[in-house]
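Down below is the structure, laid out as structure tokens.
Each reported figure results from applying straightforward, stated rules to the coordinates on display, with no laboratory input. Everything numeric in this text was worked out from a predicted model, so none of it was measured. Cβ atoms come from the backbone with ideal geometry, glycine included; neighbour counts cover every protein chain shown.
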Amino acid sequence: MESGKNFVLGIYDDEDVLLEAVTKVRDSGVKIHEVYSPFPVHGLEHALGYKRTRLPIAAFMFGLLGFTLAVTMQTWMLGVDWPMIIGGKNFISLPPFVPVSFELTVLISALGMVGTFMIISDLKPYKKPRMFDVRSTDDKHVMAVDLGTNNLSKDEIGKVLNESGASEVNDKNFD
Amino acid sequence: MTEERYEFTAGAKKKIFILGAVGIVLFILGVFMAKSDGHGDEAAHALNTIEETSLLASTDENAIVLSEDAHGEAAHHETAPWLKRIFSNLWINNVYFTGLAIIGLFFITIQYASQAGWSAGMKRIPLAMASYLPIAGILMLVSWFVVKGDVFHWTHASLYLPVAEGGDSIIQGKAALWYWPNEIGSSLPLFYIARMVIFFGLWYWFFVMIKKHMLAEDIDGGLNHWKKARSLSAIFLVIFAVSSSVSAWDWVMSIDPHWFSTMFGWYIFSSWWVSGLAFITIVVVMLKRQGYLKIVNENHLHDIGKFVFGFSIFWTYIWFSQFLLIYYANIPEEVVYFVERMKASNYAWVFYTNILLNFVLPFLLLMTRDAKRQMSMLMLVSPIIVIGHWVDFYLMVTPGVMKTDGAIGLLEIGMLMIFLALFIYIMLHNLAKAPLVAKNHPMLEESLHHHI
């Protein structure tokens, strides 16, 4: 079966039940696509076995880029393109470069991080989000299991979800 | 929860005594080396100083200020360089270890004032550090009278003669800050000494009161002690904001009496604060390695690691804010401070080492999340910071006292080890007196579940 099309949804009323359910469902060999919650559930990312984000590495790289950019820019502007005598200092004197380098490091790092985050999270303007169950924005936790990535049948998965404490089990198909 | 107590074992005491004994041996060796190192004839030495500093000064005006300085000293009875070096180091260590002690109290009060929960399990360590306060106060007061003639140029009575007779008009303008209400130039700078006594007295009083409530909480439980400690903390923080700044002017900035910096109060505070945080980290990790402090886990280490990392950068920010403005304005009476430190061959390497130890290394080594959660990395960076900020204080004090004669040798290392042994001994001695974990702390439960 093609992945990303046909889902089984487990609806949970309580976040404590959900947390235990995630562990139970994963232990029984079912791969969970994603869990949608109306509020952050503490410890959910551990239960789901998510690896820590590598965003900080991107932040460091962008910071380095910003720093290099700032130093190069100032060196070129004040040392090569338009040398000016300011307060009797050398054309290329490092201390006055520090504030600008700092600001550009922070700016490029922050903008780069936002951009990276949007790309890896597949967020873009005018993107229509896929809504599994509208109640996940109100008072229900929704666990989505992709039939395409699981070897078990729809009924078997439904049974696992039911046993784990789901208040209802639904189908959801996207075209 | 079972009561956990630190046991100050004979083995630990022995190690501290060895640290102190090695320090004494190194110190004595260092003194002999410094003595035999002699600069020969004293008059030639004074001339030498004038020449060197004139060469260093960036403008003519500067040279005048400096040679006036040197002239003023040459006119006085000149102390031998090796003795000056001892005095200078005595003062560095006094100021530095006073800082570590008062930061112990400051850390606790910050935790109370902000109602922080994460630190509930490790508050006894800064409390033990603050136990050094009364000894720091007595040592500092006594040393001041020993070192004043050599470390504090402004104590020389001849500076307060009329200007035509060799008086110094700049220092005369500041003299009331030290001598009021006594006669200016008298043997006792009453206002100065009174401030020192009052600051230590206030700090110690708040320490005793807060400690009383912290320990009584172990027995009585409830919220009352916490609330009282919190009120005391809030008042202390206001007092400390002023007193830390003024003590920075008194104890360190007045060593270079011609010079001033409006950043200086913050500069000293940030240096004390980050070295105190690093010291707390070292003690926590060492206790954990010995099997104590089970309730402190990597989440708590992460938080204290963030403190160390963040305030290393804060120190750098303050350091740079002071440096950039003085560098850019290039006003002779201000810039002389950095000329003395950056352009003298025996301080230039210390100047750059200071930045390396206190900014570059902590910044790069503690940047990642994993680094802050690992004891091995914290145990690498924290000692670097503790040593680094001793170097920072060395750089603030020595060029003002020794001019271009300063050095870092066995004498400096030995005296630092002696003070370190004394400080650690008093801290651990007091740590063993009370339970290691505040079992009735209202936020202990929160601390147990702390997760980041």
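Observations
- Residue-averaged [θ]222 nm for chain A, counting only DSSP H segments that reach four residues, each worth -39500 (n - 2.57): -14000 deg cm²/dmol
- Cross-link reach list, aspartates and glutamates versus B:Lys439, counting only Cα pairs under 14 Å and skipping chain neighbours closer than eight places: B:Glu3, B:Glu4, B:Glu217, B:Asp218, B:Asp220
- Cα-projected label distance for B:Ala216 with B:Val246, points at 7 Å along beta-carbon direction, nm: 2.9
- Here the Kirkwood formula, the inverse mean of 1/r across different C-alpha pairs, assigns chain A a hydrodynamic radius of 19.9 Å.
- Legend: calculated FRET efficiency, A:Ile86 to B:Glu183, from the Cβ-Cβ distance at R0 = 45 Å, rounded to 0.05, equals 0.40.
- Candidates A:Lys140, A:Lys89, A:Lys31: whichever shows maximal mean-square fluctuation once chain A is modelled as a Gaussian network with Cα springs under 10 Å: A:Lys89
- Inter-chain neighbour count for B:323-330: the average number of beta-carbon atoms from partner chains within 10 Å of each residue's beta-carbon is 3.
- Measuring max minus min along each principal axis, the C-alpha atoms of region B:359-420 give extents of 43, 23, 13 Å (largest first).
- With θ taken as phi - 60° and the Karplus curve 6.51 cos²θ - 1.76 cosθ + 1.60 applied, the whole-hertz 3J(HN,Hα) list for region B:436-452 is 6, 10, 6, 5, 9, 4, x, 10, 4, 4, 4, 5, 4, 9, 4, 8, 10 Hz, x standing for glycine and proline.
- Label-to-label distance, nm, for residues given as A:Asn170 and A:Asp155 (7 Å Cα→Cβ offset): 2.3
- Cα centroid of region B:159-200 to Cα centroid of region B:339-402, whole Å: 34
- Equivalent ellipsoid, chain B (semi-axes from 5 times Cα gyration tensor eigenvalues, Å): 41, 23, 21
- Karplus-derived HN-Hα couplings along region B:146-155 (A = 6.51, B = -1.76, C = 1.60, θ = phi - 60°), whole Hz, x at Gly and Pro: 6, 9, 4, x, 9, 8, 9, 4, 5, 7
- Student exercise, chain B dipole from Lys, Arg, Asp, Glu Cβ charges, in Debye to nearest 20: 2380
- Each principal axis of the Cα cloud of region A:55-120 was taken in turn, and the coordinate range along them, longest first, works out to 48, 19, 12 Å.
- For region B:355-361, 3J(HN,Hα) per residue [Karplus equation, 6.51 cos²θ - 1.76 cosθ + 1.60, θ = phi - 60°, Hz, x = Gly/Pro]: 5, 5, 6, 9, 10, 4, 5
- Within chain A, longest stretch clear of exposed chymotrypsin sites (Phe, Trp or Tyr not before Pro) (DSSP loop, no more than 11 other Cβ within 10 Å): A:51-125
- Extension gain (nm, one decimal) between A:Leu48 and A:Arg26, 0.36 nm per residue minus Cα-Cα: 7.1 nm
- Extending 7 Å from the Cα toward the beta-carbon at both B:Ile239 and B:Ser114 defines two label points whose distance is 2.2 nm.
- Straight-line reach from B:Lys403: taking Cα to Cα under 21 Å and skipping same-chain neighbours fewer than 8 places apart, the lysines in range are B:Lys35, B:Lys84, B:Lys148, B:Lys343.
- Mean projected area of the convex hull spanned by the Cα atoms of the protein assembly as shown, taken over all viewing directions: 36.4 nm².
- Put simply, the Cα atoms of region B:291-402 extend 55, 26, 18 Å along their principal axes, the longest span coming first.
- Taking all Cα-Cα distances within region B:260-338, those exceeding 22 Å account for 42%.
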